[in-house]
Amino acid sequence: MKKRSLLLALVMLLVFTLTACGSASNNQSANNGKASNNANNAMANEKEDDGDKKDGEKLKIGFVTDEGGINDQSFNQGVWEGLQKAHEDLGYEVSYQESKESTDYAPNIETLLDADNDIIVAAGFNLADAMLEAAENNPDVNFLIVDAGYEDAPDNLTGLQFKAEEPSFLVGYIAGLTTESNKVGFVGGQESTLIKAFECGYKAGVDQAAKEKGQEVEIVSQYVGNFSDAAKGKSIATNMYQQGADVIFHAAGGAGDGVIEAAKDQDKWVIGVDRDQNDIAPDNVLTSAMKRADSAIYKVLEGLSKGEDFPGGENLNFGLKEGDTVDIAPTSDKNVKPEILEKIEPLKQRIIKGEIKVPASEKEYEAFEAK
């Protein structure tokens, strides 16, 4: 009888031990996942007096990247820098989820919703549909998307758009006056209305410079097909350089890293995009067409900190007239000749005043070229 009791006790002890070990293993896995997530995409909450909502509570913001990742040295990184500034200056809690491919968009948004974020921010027109669906299904959360707009957006969704053709025109003008071979290139990421605006503005700027110097300048263009394939970007750019181009402008996100690498390898000029990319290749980045997503994001969040309403249902558009949201890079004076650089401010004023209508589409470019 004692043996049976002892055996039963041992069995019960074994079952309890296995169960406890299994629970510990599952909890450890969950905790590891949280730790990894926090390490990869959370800003530490360094301030006790974090930014306020209108009701006095801390504002929590989650960011979903497009392809290329958070450190793409381009568009995603620019948005994240704006959110980091909002964290530092306004005390808002910010975090991010990286998207490696399009199937990540909706799950990443859902993850941020599950984390009780007050605002979901997304980078890129590729996320437009996923953000619209999420906004319609979650009316108590505000959504902010950069580089996309809607004809009839719900009251909790805002689109931030840029006149990308305007800084592209300025860097095209610089390229046209800088080239010695009279052949320049453009490398785009995923072909779209937005990237076409970069291309058409750039080509118009090159044409403007060519007319002024009385010489023809050939422009070659090619698209990578996405914003993440740096190897393909490098291959395309290398071929352009070897075919005689001595200045290339890229609007290709993370794929543009390869274009910059090609410029370094070939010792040619490259023009960066979205943020000042001179730090990547100081001797080869001639200038950059800056589309200040960081500044635009910060402007909206700063307004909320002052008690302004969330601009839901609107599309906010930023160009040269709106100030520091689009421009050429501040480091342009490092590599752009002074006699070229001094022509940029008068050119900007002509655009602001409407004397120059910068084309944003092929149809508009054809009309510009015909003048």
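In segment 214-258, inverting the average of 1/r over every pair of distinct C-alpha atoms gives 11.0 Å as the Kirkwood radius. Straight Cα distances below 19 angstrom link Lys353 to the aspartates and glutamates Glu165, Glu166, Glu322, Asp324, Asp327, Glu342, Glu345, Glu364, with same-chain residues fewer than 8 positions distant left out. Distance between the pseudo-spin-label points of Lys213 and Ser192 (7 Å out from Cα toward the beta carbon): 3.3 nm. Rounded to the nearest 20 debye, the dipole size of segment 91-155 about its Cα centre is 220 debye, using +1 on the Cβ of Lys and Arg and -1 on the Cβ of Asp and Glu. Computed from the C-beta positions of Lys321 and Asn138, the FRET efficiency with R₀ = 35 Å rounds to 0.55.
When you filter the GluC sites (Glu not before Pro) in segment 141-191 for DSSP loop state and at most 10 other Cβ atoms inside 10 Å of their Cβ, you are left with Glu151, Glu180.
Taking 20 Å as the cut-off for C-alpha to C-alpha distance, list the pairs among Lys196/Lys363; Lys213/Lys234; Lys211/Lys343; Lys163/Lys334; Lys268/Lys343; Lys211/Lys268 that go past it. Among Lys196/Lys363; Lys213/Lys234; Lys211/Lys343; Lys163/Lys334; Lys268/Lys343; Lys211/Lys268, the Cα-Cα distance tops 20 Å for Lys213/Lys234; Lys163/Lys334; Lys268/Lys343; Lys211/Lys268. Based on the Stokes-Einstein relation at 25 °C and a viscosity of 0.890 mPa s, and on the Kirkwood radius from alpha carbon pairs, segment 237-294 is assigned a translational diffusion coefficient of 222 µm²/s. Sorting 72-83, 123-134 by their mean Cβ neighbour count within 10 Å, with the most densely packed peptide first, gives 72-83, 123-134. Distance between the 7 Å Cα→Cβ label points at Gln349 and Asp279: 3.3 nm.
Modelled spin-label separation between Lys334 and Glu151, with each label point placed 7 Å from Cα along the Cα-to-Cβ direction: 4.5 nm.
Every read-out reported here was derived from the displayed coordinates using simple, explicitly stated rules and does not represent laboratory data. The shown structure was predicted, so the numbers you read here are calculated from the model rather than taken from an experiment. Don't worry about glycine lacking a Cβ; one is built from the backbone with ideal geometry, like all the others, and counts go over all protein chains shown.
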